[in-house]
Each structure stands twice: as C-alpha cells, then as structure tokens.
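Beneath this line is the structure, given in structure tokens, with notes to follow.
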Amino acid sequence: MTPGHAPEDVPLGTTHGTPRTLQGRIHVGLAGLPESTDVLVIGLGITGAGVALDAASRGLDVVAVDAEDVAFGTSRWSSKLVHGGLRYLAKGQLDVAHESAVERGILMQTTAPHLVHALPMLMPLTPAISRQQAGLARAGIRAGDLLRLAARTRRETLPRPRRIGVTETLTLAPVVRRTGLRGAILSWDGQLEDDVRLVLAVARTAAATGARVHTRVRVSEPVGDSAILTDARTGASRPIRARAVINATGVWAGQLVPEIRLRPSRGTHIVLRKDTLPGVRCAVMAPVPGASNRYVFALPQPDQTFYVGLTDEEVAGRIPDVPQPPEEDIEFLLGVINSALQQAVRRDQVIGAYAGLRPLLDTGGTTADLSRRHAVLVSSSGVVTVVGGKLTTYRQMAQDAVDRAVREARLEAGPCQTKALPLVGAAPHEELAALDAPARLVRRFGTEAAAVLADAVAVTGLRADELLAPIAPTLPATLAELVFGITHEGATTVDDLLDRRTRIGLVPEDRVLARPTAERALALVREREGRG
C-alpha cells in the first residue's frame, strides 16, 4: 500500500482564542497529481466523492478526478431529500428500504447533521384521495416509522407521524384545497440544505483525509491498473498507474466501460417563488393519478423557493451533459400538485426547471419499475464500476465499491470508517445552535462558518458586513461563500459559482442578477493570487 499524502490544513489564525483551520481543498487540473496511486476514482458526484472518502479513510492512497466540476451531473438535480425508502417498502424491496432508513439516520445524526434537517411532509386528505388510499398511506407511513426504529434513528431526529385535523392542516399549509378536506397525514423525512453542499463536504473530507481531489481532469482508456489523464483546460495528457480503478460516473458509466448497460430515467422539477404558495411551512404531497405509490411533492427550500417534483420518464439516446426538462414534464407536475391546492399554480409562475438522469441498471420493465438497488460490477479489463442506487445511500454504495476493489486488487486496507466519520463542519445540533457565526453560513458550512468568513476577509480585504450582505433582496447567497467556493471548493467559473456552489442558476432571471457578484468574487481572488 502506498502511503497517502498528508491531509491539508489551512490555518486561519484564531477566533476567540481558539485556533481555526479549514480542512480539505479541491484542486483543478493535472498539476500535483502523482504518476501512480492505490485507487483512481473517476467521477466526483456524490458516489465518486464517497468512494474517495471511503478509500482514503482506510489508509489507501487516492486520486479522485472529474472531467467537469464537483457534482456536475445527477447529484445536483435531486429533490434535496434524504429519505427513508418508503416507496421501496411498498414495492416489497425491504432491503433497499432498510438501507435507505439506516443511511438517512447516519447522515442526520453523525456524518452531516449540519446539512440535513427534519422536514414535515403533509399529505392532505382531499377528495382525490379515497378512504382506502388514505388507509394504505397511513399503513405505509407507520411501516416507515418502524423502519426508522429499526435503523436506530432517534425520535428527536424524526418525530412520530400522525393524523391531523383540518384546522392543523390549514395552519401548516393554508393553500390546500378546502372543499371536502378531511385533514391530513403528517410525517417526517430528511431534507438537505443543498445536495451539492453535501457532495462538496464529502469531497473536502476526502481531501482532508489524504485524497487528491481534482476537477477538470478527463479520463480515457481506463483499465484495471491504469488510465490516461487529460487536463480539460490545457489538453495536456499523461498516464497514471493505479492498483485499482473505480468508475463512479453515473449515467456516463457505459461511455467509459461499454459492458455497462443502463436505462436512464429522467426526474424533472420545477421552481416556484415562496410567495406562490404563501404560508406553507411543510412539504405538500399530491398523489399521481392512477399510481398506487407515486406522489408529486412541493418542497420548501431555504433560499425562499419551492421545488415541485418529480417525474420518472425513460430517456433514450445520447446522454446530455445537462438534461433539459421538457414542457410535458412541467405541465404534468403542475397538473398533479394543483389537484391538492385551493388556487392553481399557473405556468407563468414557474420561474425555473431542472432535470436529472438516474443511472438505473437495465434489468427490463419500465424505468419506474426498475429497482433502486445499486450494483458493483467488474469489467473484463478489471475496472470496478458502481451504478444504480440514490443520493441517500451513497455511503453504502461507496463502501461496497471499495470493498470490491480491495478484494480484486488485493490491497492492504483497513475496515470501512465512514459510518462514524463526520464530514467537515459536522456537529450536534446543540453545538451548531451555539455557534457565534452568521446563520446562513452555519447552515451551509456548520462549524466552519466563522472560518469561511475569516478566509473571505483575509483574501479580499473587505469588511465582514460587505461579505455577508445578500447578493440581492431575493438572493440570500453572499459574497463570502462565493469567495470560499473559489479558494477551497475548486470553483473557477461563474457557472461553478452560480450552478453548483450556490443554486442561483436554477432561476434564469436570478442568474442575470447574480452574475456581476460572481465575476467580482473571481476577480478578487485572482487579484490576491497575482499579489501572492
């Protein structure tokens, strides 16, 4: 086993007499990558970042690269839910449901409590839901609570589901259709502050543990013990030797390893302003007509928006870099969610839309029926590929992929550590609540919040109040987090900052509004680098 390189600690002086450091930096391009490594990880979505962390935390030398940016693909197009697998339970996939519940508990209580919080989920019992359907839903939610118990997730983390009356239903969601309303079923699940923030936290934790994490590095000709790396910016190429090569490129896995056969499924969401659904304090669920266990969700977001999703439609042909949501998906989502609302959401109130492709294994049937189980496959050339699964179960997927790579390559590695390994910024909720730092930064960076601000002050020379001011009245993102996205999270372009370090780019008019601030952040960091 090759000794891993030393993890990065970037000193930032002191806060209230306590030394502060920021751990784990994401790099760009080929510079600094070695000629050989124990494990080469291809792809820096949630699965690839998880693989890099798992392998590095076992003492292996790791190089993890992505042809584009961190979370460039499917990982940033999720519903931002960390869910307990209730849908899979209804399909009889008990193992997938239990795995989801276990991994949700690990994220909420150990690895990322700063990024995941409990979200109330409201299913209004409108005339569109028969009493029989309501009974089945209640039984399913009770079964989901048993999953929570089996996963050892504390009641303080996820409260008990219950039936509520009309008055409480309308208090939580005044927009619900009132005619014939019989109350609601209230349950709880996990919600991410932002899916990309989770990927970045995993990738930076991997770097802090010793992995070399680099974006804008393309991989070609991968086999079980080597590959060609190319700097996507300069075109420079060179080989790298690796004792194990792990393909974690999601829907693009078959382009690297042609033996992999996938059936991508498109999940579309639309974006609404918060005031489109005034007074709503929870997620609202509406059943898909004709489906026994499919719902459309209106999900409140911390940036004053709602995401409404999602679809499950098979996609054929070439895999695009950025999937586009078709108009029929948008109309479908509006139709379903409006069935639960007193006043319909109009098409002109949709301010943005996005679509992601699920990397499902081709096992026959429709994509809606395909299992969300993940699989770890080894090609004839020796490349280990991990596909399937979903965001919630990334940690288990990574563990299984590294286990297989260790066996195949006969690597000397310790046991998996990631069940008990907090990500950068993680801390119990009571510790997070006591932090003397801006609330938005605490939500997005946890215990690193003060150090993120200190880094931005040191880099730009600007005052804290200027760095913490919202970009615009409708855009709570700050210059401080944009600067940090460049200095530690590998952002090099306006798109990196607006589409991934923040989610401003989901709304075209907001992108236009925020672009000057993103350009300013890039200029401030470049100016500092020029002085340095």
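Okay, here's what the table says:
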item: Cα centre as origin, Lys/Arg/Asp/Glu Cβ charges: the chain dipole, Debye; result: 1520
item: Protein accessible area in region 105-263, 1.4 Å probe - carbon and sulfur %; result: 52
item: Modelled FRET efficiency - R0 45 Å, LEU462 with ALA118, Cβ distances, 0.05 increments; result: 0.80
item: Shape call, region 86-132: gyration tensor on alpha carbons, a/c limit 1.5; result: oblate
item: Per residue accessible area of region 402-532, 1.4 Å probe, in Å²; result: 45
item: Spin-label proximity, GLU35 to region 380-397 - amide N less than 18 Å from point 7 Å beyond Cα toward beta carbon; result: none
item: Apportionment of accessible area to carbon and sulfur, region 386-532, percent (1.4 Å); result: 53
item: 10 Å binning of all Cα-Cα separations within region 459-504, expressed as whole percents from 0 upward; result: 28, 55, 17
item: Percentage relative contact order, region 456-504, counting C-alpha pairs under 8 Å, at least six apart; result: 26
item: Share, in percent, of DSSP beta bridges within the chain that are antiparallel, nearest 5; result: 75
item: Listed residue (VAL296, VAL199, VAL223) projecting farthest to the positive dipole end of region 144-298, Cβ model; result: VAL296
item: Relative contact order of the chain, pairs being alpha-carbon contacts under 8 Å that are 6 or more residues apart, as %; result: 20
item: Unit charges at the beta carbon, dipole of region 364-457: most positive-side option, LEU377, GLY414, TYR394; result: LEU377
item: Average accessible area per residue (Å²) across region 123-276 - probe 1.4 Å, nucleic acids and ligands excluded; result: 42
item: Percent carbon-and-sulfur accessible area, region 31-93, ignoring ligands, DNA and RNA, probe 1.4 Å; result: 53
item: FRET efficiency, 1/(1 + (r/R0)^6) with R0 22 Å, evaluated for GLN343 and ARG182 via beta carbons; result: 0.65
item: Dipole of the chain, positive end: most advanced residue of LEU158, SER57, ALA454 [Cβ charges, Cα centre]; result: LEU158
item: Probe 1.4 Å, accessible area per residue of region 285-345, Å²; result: 44
item: Difference of contour (0.36 nm per residue) and Cα-Cα distance, ALA433 to ARG233; result: 67.8 nm
item: Length-normalised contact order for region 61-196 - Cα pairs under 8 Å, 6+ apart - percent; result: 37
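The values are calculated or read from the model by the stated rules, or taken from the named source; none is laboratory data. No experiment lies behind these values; they were computed from the predicted model shown. Glycine also receives a Cβ, built like all others from the backbone with ideal geometry; neighbour counts cover every protein chain displayed. Surface accessibility is based on the protein's heavy atoms, side chains included, excluding ligands, DNA and RNA. Shrake-Rupley method; radii C 1.70, N 1.55, O 1.52, S 1.80 Å.
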